[in-house]
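K.L.:
The structure that follows is given in the form of structure tokens.
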Amino acid sequence: MEKQPRLLSSKLVHKQRQVEVVLNSRILAWKEIESSRKRGSGLNDTSGTAHSRGVQVCEILAVQKTEEDESTNTRSQKKAKQYSLLYAHSFTVFYVKRTRQHQWRCSEVTFHCASQGLCEQWIQVIAEQLSLLANRPKSLLVYINPYGGKQCGQSIYEQKVAPLFHRACISADVIVTEYANHARDHLKTEANLDKYDGVVCVGGDGMFSEILHGLVSRTQTDHGVDQNQPDAVLVPCSLHIGIIPAGSTDCICFATIGTNDPVTSALHIIVGDSQPMDVCSVHHNNVFLRYSVSLLGYGFYGDVLTDSERKRWLGPARYDLSGVKTFLSHNFYEGTVSFLPAEDTMGNPRDKLRCRSGCHVCQHKPSSKDNQWEMSEEKEKFDKGDSSDWNVIHGKFIAINAASMSCACPRSPKGLSPSAHLADGTADLILVRKCSRLDFFRHLLRHTNKDDQFDHSFVEVHRVRKFRFQPQHQEPVSLEDLSETPKKTGFSPMCSAQTNCNYSSIHSSWNCDGEILPHTAIQVSVQCQLIRLFARGIEEQQPHCVFEDPCTLQALEPH
Ligand SMILES: CCCCCCCCCCCCC/C=C/[C@@H](O)[C@H](CO)NC(=O)CCCCCCCCCCCCCCC
Ligand SMILES: Nc1ncnc2c1ncn2[C@@H]1O[C@H](COP(=O)(O)OP(=O)(O)OP(=O)(O)O)[C@@H](O)[C@H]1O
Ligand SMILES: [Ca+2]
């Protein structure tokens with residue numbers, strides 16, 4: 001590791017011991033000074049082990065003059081009080097501390113200086129280093145959904161997030177939404193986006209979906225791109241999106257930072273992490289329908305969602321109740337799935353190559369072969385209806401799921417497609433064919449344990465760039481057809497067989513990131529890395545402590 005020039009180093013006091021504090025452009029480190037240690041009983045006096053500690057500058061949240069805590073009433077605090085009178089000036093550094101299961105907390109360390117000048121110099125030098133971190137947001141536009149999840153979005157923000165933003169000197173314009181799609185419409189039209197470094201969504205996946213639609217539509221409009229064109233090349237959004245999880249599934253937050261903890265997510269926003277993410281565009285008959293970043297599910301997950309919408313008052317538990325009910329109805333749906341397999345990806349859905357921080361698969365740009373598809377003669381042929389490279393599968397399905405990310409969430413920690421990648425330009429298309437209840441139960445159960453949920457004869461999974469679905473029975477032209485009795489129209493528009501079939505048993509609906517789509521015949525295309533989140537992907541679990549690795553400290557040793 002290259003030697004970094006020292007910016008400042010001095011003898012300060014930390015926890016009533018003399019320490020040498022050193023700052024270079026990457027690390028703030030401190031080490032006890034031998035002389036200040038009491039002579040230990042023997043050489044191996046562990047109590048006084050002079051271990052060094054350090055914090056990366058990029059994970060320092062803020063530095064400020066220490067607030068005097070007046071509460072010195074016990075004897076030891078009185079002693080500390082006298083001691084600190086000697087070193088009357090002190091500053092506190094707030095930094096990211098990793099705890100269990102990918103959770104982050106704001107921790108702090110205070111140093112006492114003999115002179116006020118030195119104290120102010122330290123504060124100024126550290127603050128200067130923080131101001132050099134260009135990717136940190138300074139002003140944010142925050143949308144709060146007061147009704148999502150357990151309806152505590154507002155209190156989560158005010159109690160857990162706002163104090164952290166304030167400490168990091170981030171200014172936030174907060175809008176509490178008053179009705180569904182308020183955030184999307186505000187983003188699409190009124191919001192003056194030049195004022196902000198990012199948009200924060202306080203809510204669940206549905207609320208994120210609103211921000212996503214608002215931001216992407218606004219970006220396309222501003223760049224004159226018509227999102228109704230199924231193969232329009234969409235313009236990536238420059239503003240980062242932050243999520244403060246306050247929903248029921250929160251699978252987007254879970255898959256991008258590894259937990260659905262609001263404080264952890266707020267800290268990722270403050271340090272200015274950046275994680276690109278694929279977005280699927282969904283069209284019906286060349287008309288734009290919606291975007292999806294997590295799950296596009298027909299059959300099981302669509303029916304679960306349809307049934308759960310009537311039970312919103314139950315909060316997150318609505319999904320489990322509807323899940324059991326849908327499981328018992330055990331409906332299957334006939335249709336034709338056609339898809340364009342992703343040719344030269346680095347990975348495949350069953351390769352156990354999980355998408356983690358700094359993922360190599362996501363950094364691998366789709367080679368020219370895939371880009372050639374956009375301009376190639378195959379594309380012309382396909383557009384004329386002849387689709388050579390496309391695979392076509394007709395059958396009866398319990399579920400058709402397209403996961404453009406793992407969809408890891410508290411219900412299923414490894415997710416619907418554990419090896420799906422956040423930003424590789426593909427989606428994993430999972431086809432679950434008609435099978436017995438027991439078989440389907442086994443398949444579902446594997447989402448909650450280590451077993452491979454694709455290892456079933458009735459399950460197949462493909463990594464795709466585009467796909468289409470056409471249900472076997474033409475969907476009614478418009479919804480009033482459902483009410484007309486077949487007699488009046490001579491034949492029912494949807495199924496020629498028996499006229500008394502009820503609509504719901506031959507048609508499911510598409511669950512698009514937790515919202516129901518108005519059509520069942522759709523065409524989907526993956527837009528590679530269309531948006532960016534204030535996240536860094538799920539970090540590999542390792543004892544991530546800066547100060548234990550000698551090479552870092554060696555960089556601080558005097559030359
Ligand atoms: C035996 C235990 C089986 C457990 C099966 C766990 C599989 C759960 C997989 C969760 C996948 C979530 C995908 C995320 C989709 C989000 O974009 C979307 C918006 O937030 N959430 C939902 O649509 C909400 C979808 C929520 C779906 C919940 C499904 C619950 C299934 C329960 C089935 C019980 C069957 C056993 C009956 C005896
Ligand atoms: N002020 C509001 N009043 C009513 N509905 C709202 C309001 N703001 C947002 N919504 C809508 O509420 C829906 C659900 O919100 P959200 O996704 O945050 O919670 P959830 O559905 O419980 O969580 P998840 O999507 O993770 O399961 C969203 O589709 C959003 O459009
Ligand atoms: Ca993907």
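K.L.:
Please work out the average accessible area per residue across the stretch 84-225, using the 1.4 Å probe convention, and give it in Å².
P.N.:
46 Å²
K.L.:
Positive end of the charge dipole of the stretch 73-230 (Lys, Arg +1 and Asp, Glu -1 on Cβ, about the Cα centre): tell me which of 213, 192, 135 has its Cα farthest that way.
P.N.:
The Cα lying farthest towards the positive end belongs to 135.
K.L.:
Still on this structure: Placing unit charges on C-beta atoms (Lys and Arg positive, Asp and Glu negative, everything else neutral), compute the dipole magnitude of the stretch 138-273 about its Cα centre in debye, rounded to 20.
P.N.:
It works out to roughly 340 debye.
K.L.:
Pop out the ³J(HN,Hα) list for the stretch 170-182 in order, Karplus 6.51 cos²θ - 1.76 cosθ + 1.60 with θ = phi - 60°, rounded to Hz; leave Gly and Pro as x.
P.N.:
Taking θ as phi minus 60°, the curve returns 9, 8, 10, 8, 9, 10, 8, 5, 9, 7, 4, 6, 4 Hz for the stretch 170-182.
K.L.:
Under 1.5 on a/c is rounded, so check that first for the stretch 193-333, then, if it is not, pick prolate when a/b is larger than b/c and oblate when it is not; a ≥ b ≥ c are the square roots of the alpha carbon gyration tensor eigenvalues.
P.N.:
The shape class here is oblate.
K.L.:
Note down the nm distance, to one decimal, between modelled labels 7 Å out along Cα→Cβ at residue 33 and at residue 101.
P.N.:
4.4 nm
K.L.:
Here's a follow-up. Please compare each pair in 3/97; 352/450; 414/450; 188/466 to a cut-off of 20 Å on the Cα-Cα distance and tell me which ones are over it.
P.N.:
Those over the limit are 3/97; 188/466.
K.L.:
Another question, if that's okay. Per q in 0.11 1/Å, what log10 I(q)/I(0) does a Debye calculation on the alpha-carbon atoms of the stretch 138-273 return?
P.N.:
Each listed q corresponds, in turn, to -0.37.
The values are calculated or read from the model by the stated rules, or taken from the named source; none is laboratory data. Because the structure is a prediction, the values reported are computed rather than measured. Reconstructed Cβ throughout: ideal geometry from the backbone, glycine too, with neighbour counts over all protein chains shown. Accessible surface is based on the protein model in full, side chains and every heavy atom, while ligands, DNA and RNA are left aside. Shrake-Rupley method; radii C 1.70, N 1.55, O 1.52, S 1.80 Å.
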